[in-house]
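First comes the structure, then the notes that go with it.
Every read-out reported here was derived from the displayed coordinates using simple, explicitly stated rules and does not represent laboratory data. For clarity, every value in this text was computed on a predicted model and none was experimentally measured. All Cβ positions, glycine included, derive from the backbone under ideal geometry; neighbour counts span all protein chains shown.
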Amino acid sequence: MHCNTCGADIPATASFCPECGSPVGPPQPTSVPEASSLATSSQMTNAPDVKKSRSGGVTLVLSLLLIGLVLVFQIVGVAISELTGWDLDALVTVFGALGGIVSLLILGGRHLFALDAASFARAWREGWWVVAISIGLALFDVVATLVAGESLVVEGWQLRTLGLLLLCLGIGVYEESVFRGLLLGGGLGAFGTRKAGIVVVAVVTSLLFGMAHVAWGDLDYANPLDVAQAVLKTVQTGTYGFFLASLVMRTNNIFGAVTLHAFDDFFLMLPSVGLGDLKVEAEYVSSGADALPTIILYCVIIVLYLPIVWRGVLLLNECEPPQRGAFHKESDVDAFPRSQRC
């Protein structure tokens, strides 16, 4: 006879184990699992494998690599322009937009382009002020042209205006796909588990957005007016980018941001490029006598942008952690249901 506790040999007449002191009793029956437990175990065994979420670090690395894919698309646009003589800026923008869309689809961000009426309405309700500023600046250009006695419209302005609109839509898709799609989504995937991480990602991606609008390699760093223009342009565009980043995080959709971005650019360039005969130029640092007026203009726009910065802060405050971005598998079910996107 053996002890049920320690396994030592004990006399048949003993009431307690001489080794461990445990009381001697009849052998314990082997427990039989309940039918419900067996059923549950069987269901778990036969259940399909659940696809694990992609890690945040992997998401960030993939996002950065896919920005390289966007650049490859743009290089194709440059090559086509050289072969055909077609407009370089237009082709680079169009192929950049295509590259951005393909990259977002590769990472699983198709829902970012969903035509969601609530998200679209929220974007324009929050961001109409930016477009209003652009319309105001455009009207200022119109008045200045008329006062100078110059012609307001050129021959073929209808096609020029249509082309400008399409170009601005391409710019909106391209830049939003890269900055509010790949960079913001990748950053949130890696750092969006805490509120501080969410804020840092929004600020850093906005700063990068602002810096991307300055040709830093061509800047004359010995000229304080050039440096001032570059810094102010970065701040001006970065504040706008902060608002757009907060908006995209809150709605999990970039369609509204794309349209805001596109019409902001469209109205701003309409008098000179659509109605006039100027070409689209991405030069934001002026030289000579135009330097000081440009600095003043950037300062005025930054002040006018303060309301949307505040709106961005309020939108960001609504984004409670975790915010893992558009490419995290668990975020396929939005943190904010459609009923809350208003």
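Worth a mention:
- Dipole-positive endmost among Ala144, Leu166, Thr259 within region 114-340 (Cβ charges, Cα centre): Thr259
- Compared with the direct C-alpha span, the chain from Val300 to Glu150 gains 51.4 nm at full extension, assuming 0.36 nm per residue.
- Charge dipole magnitude, Cβ of K and R +1, D and E -1 - region 114-340, Cα centre, debye nearest 20: 880
- Note on Val143 and Leu83: with the Förster distance fixed at 30 Å, the Cβ-Cβ geometry gives a FRET efficiency of about 0.10.
- Scoring 208-219, 179-190 by mean Cβ neighbours within 10 Å over their residues and listing the highest first yields 179-190, 208-219.
- Region 92-135-region 273-296 distance, computed between alpha-carbon centres (Å): 26
- The smallest convex shape that holds all Cα atoms of region 114-340, its convex hull, gives 127 Å³ per residue.
- With R₀ fixed at 22 Å, the C-beta to C-beta distance from Asp218 to Leu278 puts the FRET efficiency at about 0.60.
- When you count the other C-beta atoms within 10 angstrom of each residue and take the mean per peptide, 154-160, 195-201 line up highest first as 195-201, 154-160.
- In terms of surrounding Cβ atoms within a 10 Å radius of their Cβ, Ser287, Ser272 rank from fewest to most as Ser287, Ser272.
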